[in-house]
Amino acid sequence: MDWSPDFCEKRIIVLGCGNILFGDDGFGPAVIEHIDDNYSVPDDTCFVDAGTSVREILFDLILVEKKPERVIVVDAADKGRVPGEIYTIPLEGMPEKKTDVFSLHIAPSVNLLKELQDFCGIEVIVLVCQPASLPEEVSPGLSNVVREKIPEISRLIFEKYLG
């Protein structure tokens, strides 16, 4: 019996991670929404608004028999850069200790991404945007500088990573 989610059958999976209730942390889901509204998605690719449920999706990817070739994670990450800066983070450069309740970049998510890459042979790309603000209390909505980067990262995904 095949219990795997449909997205596991795709060659490329793009996961938009983050909590839309906490300012710029909602960047990943906003990118997925923009792509759904403005792009024609290739048949071999799946865009998933992972929200705050990325760990469950990563567990599924580790457990299923048929795996994607590439997983692209889109998120906000505070690395002290210029707000709105788009960059990649190598898995080796991601902290393994819990530093922020709402961040993808904490164990066990980082460890799961490393397992996908090291033991499952899946190419893992982490694309992030430097947030302008990550409030500690509920405050939905992206800052202007981060919102303006959504079209740029969407183009980047299609031009560089879906080939």
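Look at the alpha carbon pairs under 8 Å that are at least 6 residues apart: their mean separation over the length of the chain gives a relative contact order of 32 percent.
Relative to the longest principal axis of the Cα atoms of the chain, helix 109-118 runs at roughly 40 degrees. Here r is the Cβ-Cβ distance between residue 152 and residue 123 and R0 is 22 Å; the resulting FRET efficiency, rounded to 0.05, is 0.50. The sum of -39500 (n - 2.57) across all DSSP H runs of n ≥ 4, divided by the residue count of the chain, sets its helix-only mean residue ellipticity at 222 nm to -7500 deg cm²/dmol.
The residue 159 and residue 65 beta-carbon pair, evaluated with R₀ = 35 Å, returns a calculated FRET efficiency of approximately 0.65. For the chain, the Kirkwood estimate of the hydrodynamic radius, built from every pair of different alpha carbons, is 15.7 Å.
Throughout, read-outs are computed from the coordinates displayed, never taken from laboratory work. Just so it is clear, the structure is predicted and the values come from calculations on it, not from any experiment. All Cβ positions, glycine included, derive from the backbone under ideal geometry; neighbour counts span all protein chains shown.
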